[in-house]
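The values are calculated or read from the model by the stated rules, or taken from the named source; none is laboratory data. Here the structure is a predicted model, which means the values were calculated and not measured. Note: ideal-geometry Cβ built from the backbone for every residue, glycine included; neighbour counts use all protein chains shown. Only protein heavy atoms, including side chains, enter the accessible area calculation; ligands, DNA and RNA are left aside. Shrake-Rupley method; radii C 1.70, N 1.55, O 1.52, S 1.80 Å.
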Amino acid sequence: MENFEGIKDIELMGDNLRDKLKFCGENVRIYPMAKIAFPHVVELGDNCKIRDFVFIFAGEGVKIGKYTDVQPHTIIWGGGETVIGDRVSTGPGTVFLSATYSHAPGLKMVDGMPQGESKVLGGKLTVGNDVYIGARCVIMPVNIGEGCVIGAGSFVNRDLEPWGIYVGSPAKRVAEREK
C-alpha cells in the first residue's frame, strides 16, 4: 500500500505488526483492528489478547503480561512507560496515561511546539497481577497493586494498595478483596 506521496506505508494493525514487536509470546492474539504505534518497544506476554479498536502509543515502552485481556477501545497512551501484569482485564474504553503535560507558567500543553515551549512529564504506570479494571476508567501514571478491582468509570490518580476494591473519581478504597 502506498500513500499519496508514493512512500510505502507499513500497516501497523493486527498480525501485520507481530514481527515488529520487541517481544511477542506464544499464543498472543492481536485482533485485526488493533493498532500499535512504535511496536519496537512493545512486549506482549504469552496468551494475551489485544482486541479490536485498541490503540497503543508505546512511548518509552509497553509491557503486557501473560493471559492479559485488553478490551476494545482501550487506549494506552503517553511518553512514559506502561507495565501491565499477568491476568489483568481492562474494561472497554479504559485509558492508560503514562505521561501528561506540565502546566507550569509559560508552557503550552500541546504537541508540536518549538523546543522549550511545552514539557511532557513522562512517568511510569504499573498495574500488578490479577487486577480487574472496569469499563471507561482513566488511569494516570501510578502503581496499581496486585489483585485490585477498579469500578467502571473510576479515575485513578494515586497509587492503589493491593487487594482493594476502588471506585469513583478520584478512586477510593471501598472494600477489601480476598487474596
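For Arg173, are the conditions met, namely being basic (Lys, Arg), more than 27 Å from Asp52 (Cα to Cα) and part of a strand (DSSP E or B)? Spell out how you get there, then give the answer.
On the way: basic (Lys, Arg): yes; more than 27 Å from Asp52 (Cα to Cα): yes; part of a strand (DSSP E or B): yes.
When the stated conditions are applied, Arg173 passes them.
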Number of positions in the stretch 93-136 that are closer than 30 Å to Trp163 by Cα, among the hydrophobic types (A, V, I, L, M, F, W, C) and assigned to a strand (DSSP E or B):
8
Every residue from the stretch 153-178 that is open to solvent by 40 Å² or more (accessible area, probe 1.4 Å) and among the β-branched types (Val, Ile, Thr)
Ile165, Val167, Val174
Output the residue which, of all residues in the stretch 17-39 that are part of a helix (DSSP H, G or I) and either in contact with a Cys (Cβ under 6 Å, 6 or more places away or on another chain) or open to solvent by less than 40 Å² (accessible area, probe 1.4 Å) (or both), is farthest from Phe57 (Cα to Cα).
Arg18
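Across the stretch 36-46, which residue is farthest from Cys137 (Cα to Cα) among those that are in contact with a Gly (Cβ under 7 Å, 6 or more places away or on another chain) and not aliphatic (A, V, I, L, M)? Walk me through it before giving the result.
In the first step, residues of the stretch 36-46 are kept if they are in contact with a Gly (Cβ under 7 Å, 6 or more places away or on another chain); the result is 41, 44-46.
Within this subset, residues satisfying the condition of being not aliphatic (A, V, I, L, M) are 45-46.
Values: Gly45: 23, Asp46: 25 Å.
So the residue we want is Asp46.
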Return the residues of the stretch 87-125 that are in contact with a Pro (Cβ under 9 Å, 6 or more places away or on another chain) and of a type in the set (Val, Ile, Thr); say none if nothing qualifies.
Thr100
Quick check on the stretch 131-148. Is at least one of its residues among the basic types (Lys, Arg) and more than 23 Å from Lys35 (Cβ to Cβ)?
no
Might you check whether a residue that is modelled with pLDDT under 85 and either under 26 Å from Arg177 (Cβ atoms) or surrounded by 21 or more Cβ atoms within 10 Å (Cβ to Cβ) (or both) occurs anywhere in the stretch 43-59?
no
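Check whether at least one residue in the stretch 79-87 is of a type in the set (A, V, I, L, M) and modelled with pLDDT of 95 or more, and report yes or no.
Of the stretch 79-87, the ones of a type in the set (A, V, I, L, M) are 83-84.
Checking which are modelled with pLDDT of 95 or more leaves us with 83-84.
Yes, the stretch 79-87 contains a residue that is of a type in the set (A, V, I, L, M) and modelled with pLDDT of 95 or more.
To keep it simple, each residue is scored yes or no on (1) in contact (Cβ under 8 Å) with a residue 60 or more places away in the chain; (2) over 18 Å from Phe55 (Cα atoms); (3) surrounded by fewer than 18 Cβ atoms within 10 Å (Cβ to Cβ); (4) hydrophobic (A, V, I, L, M, F, W, C).
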{"residue": "Ile76", "(1), (2), (3), (4)": "no, no, no, yes"}
{"residue": "Thr100", "(1), (2), (3), (4)": "no, no, yes, no"}
{"residue": "Gly112", "(1), (2), (3), (4)": "no, yes, yes, no"}
{"residue": "Gly122", "(1), (2), (3), (4)": "yes, yes, yes, no"}
{"residue": "Ile139", "(1), (2), (3), (4)": "no, no, no, yes"}
Exactly one of (1) over 16 Å from Ala171 (Cα atoms); (2) modelled with pLDDT of 95 or more; (3) of a type in the set (D, E, K, R) is unmet by Glu117. Its number?
(2)
